[in-house]
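Since the structure comes first, as structure tokens, the remarks are kept for the end.
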Amino acid sequence: MPNKVLQRTYEILEGTTNDKITKIFQYFIIALISVNVLFVIIETEESVLDEYGYLFTPFEVFSVIVFTLEYAGRIIVCKLNPKYQNKKFGILRFVFTPMMLVDLAAILPFFLPFVVMDIRFIRIIRLLRLFRLFKLARYSDSMQTLGNVFKAKAGDLSVAFFILFVVLIFASSLMYHAEKDAQPEIFSSIPASMWWGIITLTTIGYGDTYPITLMGKIVGSIVAILGIAVYAIPTGIMASAFTEELRKRKEQKNNTCPHCGKDITHS
């Protein structure tokens, strides 16, 4: 009997089945996460907090209880997961998976203030409640797709952003030497010039920092053009990765039984 309970709990928590109870649980967690994020946002409005603040604490306690039980439940049944079954330090490896760390970050903001009493630290910790939004990745195909894309193209994106970083260093250095005498307060150093470099490379152009010398304008023009080319690289990588991931998902869906979720290609 206990084994059946654990197996059923595993199926519900991990969503390995598409039965009614599993779907109800998933919809409940999704709704709870969404309302939590909404509360984090609206409680920053003082008028709303003053009038309805008495509702926030009970809801926070209820949410933490649910999320804590979910977190503990996943740890208890993780031994049923083939990835960690009969593996050395399987539970420890499971606890440090990205999604479990997100689950931990979702409940820590409630407990840490009991340990650390510093007001400024508590305010920062409370912002971590927004991590509950990432819990949706378990139940959202869109967020899972995004995660798979980043995982598949991590190497390519690293190269693209390294190129961007190199261009930023050169651009900021050139602008510093071109403008430091004309605008010593704005371009006081290379790190200070990086603000201009980032804004120019991203083609945002706030207009608060700009070159006034001829050499500075030439450098700025070149950097602005480079910015378009440099940012096109990760954009192209992400676009092709999304196309490939959506194609894989479509093939997987066509080869999966809608009732039991099993592969039917070899049946």
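The values are calculated or read from the model by the stated rules, or taken from the named source; none is laboratory data. These figures come from a predicted structure and were not determined experimentally. Virtual Cβ from ideal backbone geometry, glycine too; neighbours counted across all protein chains shown.
For the reader, a short list of remarks on this structure follows.
- Within segment 47-98, the residues that satisfy the criterion of being over 17 Å from Glu14 (Cα atoms) and aliphatic (A, V, I, L, M) are Val48, Leu49, Leu55, Val61, Val64, Ile65, Leu92.
- Residue pairs meeting the criteria (Cβ under 7 Å; at least 6 apart or on separate chains; first modelled with pLDDT of 85 or more and surrounded by 15 or more Cβ atoms within 10 Å (Cβ to Cβ), in segment 1-19; second outside any helix (DSSP H, G or I) and β-branched (Val, Ile, Thr)): Glu11/Thr17
- Qualifying residue in segment 211-233 (condition: in a helix (DSSP H, G or I), of a type outside the set (A, V, I, L, M) and at pLDDT below 90): yes
- Verdict on Leu101 being surrounded by 12 or more Cβ atoms within 10 Å (Cβ to Cβ), within 25 Å of Met143 (Cα to Cα), without any contact (Cβ under 8 Å) to a residue 24 or more places away in the chain and of a type in the set (A, V, I, L, M): yes
- Pairing each residue of segment 51-72 that is assigned by TED's automatic domain parsing to the domain that holds Leu6 with any residue that is part of a helix (DSSP H, G or I) and charged (D, E, K, R), provided the two are 6+ apart or on different chains, yields C-beta distances under 6 Å for Tyr71/Asp103.
- Which listed residue, of Met117, Met143, is within 30 Å of Val64 (Cβ to Cβ), at pLDDT below 80, out of contact with any Ser or Thr (no Cβ under 7 Å at 6 or more places or on another chain) and not assigned by TED's automatic domain parsing to the domain that holds Ser34: Met143
- Number of residues in segment 187-224 that are in contact (Cβ under 8 Å) with a residue 24 or more places away in the chain, among the small types (Gly, Ala, Ser) and within 20 Å of Phe165 (Cβ to Cβ) equals 3.
- Unique match (being at pLDDT below 80 and charged (D, E, K, R)) among Lys79, Lys83, Lys87: Lys87
- When restricted to residues that are more than 27 Å from Ile199 (Cα to Cα) and either basic (Lys, Arg) or not in a helix (DSSP H, G or I) (or both), segment 132-165 contains 6.
- Being assigned to a helix (DSSP H, G or I) and modelled with pLDDT under 80 is not true of Phe67.
Condition check ((1) part of a helix (DSSP H, G or I); (2) within 17 Å of Leu69 (Cβ to Cβ)) across all residues:
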| residue | (1), (2) |
| --- | --- |
| Asn3 | yes, no |
| Thr16 | no, no |
| Phe28 | yes, yes |
| Ala31 | yes, yes |
| Ser34 | yes, no |
| Leu38 | yes, no |
| Thr44 | no, no |
| Asp50 | yes, no |
| Leu55 | yes, no |
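- Met194 vs. criteria among the aliphatic types (A, V, I, L, M) and either within 30 Å of Thr145 (Cβ to Cβ) or surrounded by 17 or more Cβ atoms within 10 Å (Cβ to Cβ) (or both): yes
- Selection from segment 170-186 of residues that are farther than 13 Å from Thr213 by Cα, assigned to a helix (DSSP H, G or I), touching a residue at least 12 places away in the same chain (Cβ under 8 Å) and not small (Gly, Ala, Ser): none
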